[in-house]
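Down below is the structure, laid out as structure tokens.
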Amino acid sequence: MGAGLSGLACAITLEKNGITPTIYEKRSKVGDRFVNGEILLSILIRPVYDSIATLSEEFGIYLKPTSNIQEMVLFSKNEKTNIEGRLGFTNIRGRDKDSFESQLEQQTKSVIHYHSEETYEQLLRKHSHVVIATGDGDYAKEHRNFREDLTVSIKGVTVKGDFDRYTVMAWLDYDIAPYGYCYLIPFSEKEANISLAIPDYPENADIIFGAHFMKRYALSFNRKYE
Ligand SMILES: Cc1cc2nc3c(=O)[nH]c(=O)nc-3n(C[C@H](O)[C@H](O)[C@H](O)COP(=O)(O)OP(=O)(O)OC[C@H]3O[C@@H](n4cnc5c(N)ncnc54)[C@H](O)[C@@H]3O)c2cc1C
């Protein structure tokens, strides 16, 4: 269930082991309509150092990232710091021919049924095993082996301009993102995502995550970026 990264990677792995699964995806295509830049930071996946190389060498799953991150710029309210090195990769998600979903879709031979409305229980009547890869904890919550302690609201925009594909930026500044963070991920020389992630704490309940807030945020962003 689900033709996201997990579902597609699972299908590719099953195929390598002589099992041909059927994939059920509720969308009309793989990937969200919002094309989104993501980062794979090496520091977060220890003891693996190079996620892309590990996926190909150990699992036969081939992903081409958008770029290697060579610099990360972090802004707090009053300070700025730069981290340089082989920090990881940027990649694209969503309905783009180079997105990770599109790349995985090309590597699977399994049939994908789009517009699927079938539940886990319905699929279990048709198949011996069902792998749930729906990207959320709904079924796990029902079976009580998963607890959701905190949710985070994320709002993102795609901006056009001149960007260095090898540099990502993050703002840990409560004026911009109370208790959360904001980040900029370029996915070409001309386009980047700016996203704002704010935990759904009671203190943040009054924040209007709409046009007014984005305007204020854009103004703050320009000030910091300059
Ligand atoms: C805004 C945002 C930014 C992120 N940034 C990063 C980042 O920079 N780096 C990083 O490592 N991670 C990031 N993540 C997390 C990353 O996107 C997820 O960890 C990853 O997508 C999980 O993959 P998945 O296959 O489990 O789920 P998903 O990619 O969500 O795929 C689930 C699929 O299942 C389908 N589906 C759902 N319900 C059903 C159903 N009932 N029947 C059939 N199909 C169904 C969905 O349509 C979807 O195609 C970010 C997430 C968000 C939302």
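The numbers here are math on the coordinates, done by the rules we state, and not lab data. No experiment lies behind these values; they were computed from the predicted model shown. Because the Cβ atoms are built from the backbone with ideal geometry, glycine has one as well, and the counts that use them run over all protein chains shown.
Taking a ≥ b ≥ c as the square roots of the Cα gyration tensor eigenvalues, with a/c under 1.5 meaning rounded and otherwise prolate when a/b beats b/c, else oblate, which class fits the chain?
prolate
The GluC sites (Glu not before Pro) of the stretch 55-102 that meet both conditions, a loop assignment by DSSP and at most 12 other Cβ atoms within 10 Å of the site Cβ, are 79.
Here is the list for the stretch 67-106: trypsin sites (Lys or Arg not before Pro) lying in DSSP coil, each with at most 11 other C-beta atoms within 10 angstrom of its C-beta, are 77, 97. Relative contact order of the chain: 22 percent, from C-alpha pairs under 8 Å at least 6 residues apart in sequence.
Could you list, in their original order, any pairs among 97/141; 109/155; 126/155; 29/155 whose Cα atoms are separated by more than 31 Å? Beyond 31 Å: 97/141; 109/155; 126/155.
When DSSP beta bridges are restricted to pairs lying wholly in the chain, around 80% turn out antiparallel. Entry note, the chain: the mean residue ellipticity at 222 nm calculated from DSSP H runs of n ≥ 4, each adding -39500 (n - 2.57), is -7000 deg cm²/dmol after division by the residues and rounding to the nearest 500.
Using a Cα-Cα cut-off of under 16 Å, which aspartates and glutamates could be cross-linked to residue 16, ignoring same-chain neighbours fewer than 8 residues away? Of all the aspartates and glutamates, those that pass the test against residue 16 - Cα under 16 Å, at least 8 places apart if same chain - are 57, 58, 105. Of the GluC sites (Glu not before Pro) found in the stretch 159-211, the ones in coil according to DSSP and having at most 14 other Cβ atoms within 10 Å of their Cβ are 189. Extension gain for residue 164-residue 117 works out to 12.8 nm (0.36 nm per residue, less the C-alpha to C-alpha distance).
Cβ crowding within 10 Å, taken as a proxy for footprinting-reagent exposure, orders 63, 41, 196 from fewest neighbours to most as 41, 63, 196. Cross-link partners of residue 190 among aspartates and glutamates, defined as those whose alpha carbon lies under 13 angstrom from its own and excluding same-chain residues fewer than eight positions apart: 162, 164. Counting Lys and Arg as +1 and Asp and Glu as -1 over every other residue whose Cβ lies under 14 Å from the Cβ of residue 85, the net charge comes to -2. Enumerate the lysines that residue 77 could reach by cross-link, defined here as Cα to Cα under 18 Å, with residues fewer than 8 away along the same chain left out. Answer for residue 77, where 18 Å is the Cα cut-off: 224, listed by chain and number.
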